[in-house]
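The values are calculated or read from the model by the stated rules, or taken from the named source; none is laboratory data. These figures come from a predicted structure and were not determined experimentally. Cβ coordinates were reconstructed from backbone atoms using ideal geometry, including for glycine residues, and neighbour counts include every protein chain displayed.
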Amino acid sequence: VADRLRGLAQSDIRRMSRESDRAGAINLGQGICDLPTPPVVAGAARAAIDADESTYTYTEGHLALRRAIAEKLARDNCLQADPGGEVVVTVGATGAYAAAVNALLNPGDGILIMEPYYGYHVNGAVIAGLEPQFLTLAPPRFTLSEEALRAALRPNTRALVVCTPSNPSGKMFSRAELEAVARVAHDQDLLVISDEIYEYIRYDGRQHLSPATVGDLWNRSVTIMGLSKTFSITGWRLGYAVAPEPLSRAIALVNDLYYVCAPNPLQHGVLAGFALPPSYFSGMASAYHRKRDQLCDALSAAGMSPIIPDGAYYVLADVSDWGFQTARGAAMGLLEHGGVASVPGSAFYQGANGEGLLRFCFAKEDAVIEEACRRIRRFR
Ligand code: GLN
């Protein structure tokens, strides 16, 4: 096994799915999202298979899809991107991240990641030979200050990861925070990798703000978006990266070398999805809003102090008074005795900060959420 894999293991997110299957539990661990795929999306993919759309696409994806993405970026994100050279369709947001770190950074470069983090940002960087560096944001608001950001930089720091809305905290970065990011990135000549896969899942009237629209961040940013959550197609593995042309060209080259292109018929499926009316996207957010509130109520009733998320479909809950030594122990206790799988908070932190936390995913059918809530209330 190669040296670059040393210390890497399958994430606790995926491990808990296996444990959940073994125990026959309700899986609120991995962010699987088992809601139905919009029929137009599934239908268009099926039609493409029937029409024998079975060959490669350009590595950057179908032009029609990139045009639809560019229109959506202008409409929903205030981003003007050229579909000809600034958009790359990738194998999931994860594929976009992997292509970006390999295309734009050198082995030994430092990449600053805010914790709690999504583990793929860390291990995806490690496998590219980068040195992950960390800045801890404190609950419940996870506020980013310019001073803390500057203090976290090291001489070799070349990039910063922003995830908004964030997995696992649900934090959405404010304009003031992103202006601070823009100033620091400008002064230190940093690349900003912005993961916005949860852009449409946000609560209490909050608006999504793409970092690349703030200050001069467009020139130094890779904006990563995904379709897994937007169309409930986590297994289709489709996402895209948006960046100025020289960066996009490098990302497209890595995309090509790793897996040639994203699956052709599925690209047709999501193209149809981009024509869904705005009510589809707002309806999705309100459906998640209800599920969020339902789950948070159950967690509160069970004494698990949820940290109410601004966006995304996870909630971190404080279980430090359960008396378990570790978050893994708490997650296994809830799984074995409560029949609900979660992800131990330690999966999202380097140090001990996550040991009192569990992450629950609420991207589940209403009946599943209801039964999970019953079990959580009973567990108390
Ligand atoms: N993004 C999802 C989560 O955080 C899925 C992670 C995975 O299994 N790759 O749970």
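Residue count for segment 331-348, restricted to those that are within 11 Å of Asp12 (Cα to Cα) and part of a strand (DSSP E or B): 2. For segment 284-330, the tally of residues that are of a type in the set (A, V, I, L, M), in a loop (DSSP other than H, G, I, E, B) and in contact with a helix residue (DSSP H, G or I) (Cβ under 7 Å, 6 or more places away or on another chain) stands at 3.
So, Val161, is that one away from the ligand (no atom under 16 Å from the Cβ), within 24 Å of Leu227 (Cβ to Cβ), touching a His at 6+ places or on another chain (Cβ under 8 Å) and not hydroxyl-bearing (Ser, Thr, Tyr) or not? When the stated conditions are applied, Val161 does not pass them.
Select from segment 116-135 the residues that are in contact with a Gly (Cβ under 8 Å, 6 or more places away or on another chain) and either within 16 Å of the ligand (Cβ to nearest atom) or among the polar types (S, T, N, Q) (or both) and write down the one among them that is farthest from Leu257 (Cα to Cα). Checked segment 116-135; the qualifying residue farthest from Leu257 (Cα to Cα) is Pro116. Among (1) within 16 Å of the ligand (Cβ to nearest atom); (2) crowded, with 21+ Cβ neighbours inside 10 Å, which single condition is Arg14 missing? Only one criterion is unmet by Arg14, namely (2). Residue count for segment 317-349 satisfying the condition of being hydroxyl-bearing (Ser, Thr, Tyr) and more than 24 Å from the chain's Cα centre (by Cα): 2. Considering the conditions (1) modelled with pLDDT under 95; (2) within 15 Å of the ligand (Cβ to nearest atom); (3) over 23 Å from Glu131 (Cα atoms), Asp21 is excluded by exactly one of them, (1). Considering segment 352-380, and only residues there that are out of contact with any strand residue (DSSP E or B) (no Cβ under 8 Å at 6 or more places or on another chain) and among the small types (Gly, Ala, Ser), the residue that is nearest to the ligand (Cβ to nearest atom) turns out to be Ala363.
Screening segment 167-178 for residues that are closer than 17 Å to Asn77 by Cβ and out of contact with any Leu (no Cβ under 7 Å at 6 or more places or on another chain) and picking the one that is nearest to the ligand (Cβ to nearest atom) gives Met172. Only a single item in (1) in a strand (DSSP E or B); (2) buried (at least 23 other Cβ atoms within 10 Å of the Cβ) is not met by Arg158, and it is number (2). All conditions but one from (1) buried (at least 22 other Cβ atoms within 10 Å of the Cβ); (2) over 23 Å from Met16 (Cα atoms) apply to Ala275; the one that does not is (1).
Checked against the criteria, Ala81 does not count as surrounded by 15 or more Cβ atoms within 10 Å (Cβ to Cβ), more than 16 Å from the ligand (Cβ to nearest atom), part of a helix (DSSP H, G or I) and at pLDDT 95 or above. Of all the listed residues (Val40, Val1, Val91), the sole one being hydrophobic (A, V, I, L, M, F, W, C) and without any contact (Cβ under 8 Å) to a residue 12 or more places away in the chain is Val1. Being away from the ligand (no atom under 14 Å from the Cβ) and in contact (Cβ under 8 Å) with a residue 60 or more places away in the chain is the filter; apply it to segment 328-337 and report the residue that is surrounded by the most Cβ atoms within 10 Å (Cβ to Cβ). Of everything passing the filter in segment 328-337, Leu335 is surrounded by the most Cβ atoms within 10 Å (Cβ to Cβ). Checked against (1) aliphatic (A, V, I, L, M); (2) free of Cβ contacts under 8 Å to residues at least 12 places away in the same chain; (3) surrounded by fewer than 19 Cβ atoms within 10 Å (Cβ to Cβ), Leu63 passes all but condition (2). Which of the residues that make up segment 210-238 are more than 16 Å from the ligand (Cβ to nearest atom), in contact (Cβ under 8 Å) with a residue 40 or more places away in the chain, touching a helix residue (DSSP H, G or I) at 6+ places or on another chain (Cβ under 6 Å) and not small (Gly, Ala, Ser)? Pro211, Trp218, Val222, Thr223 - these are the residues of segment 210-238 that are more than 16 Å from the ligand (Cβ to nearest atom), in contact (Cβ under 8 Å) with a residue 40 or more places away in the chain, touching a helix residue (DSSP H, G or I) at 6+ places or on another chain (Cβ under 6 Å) and not small (Gly, Ala, Ser).
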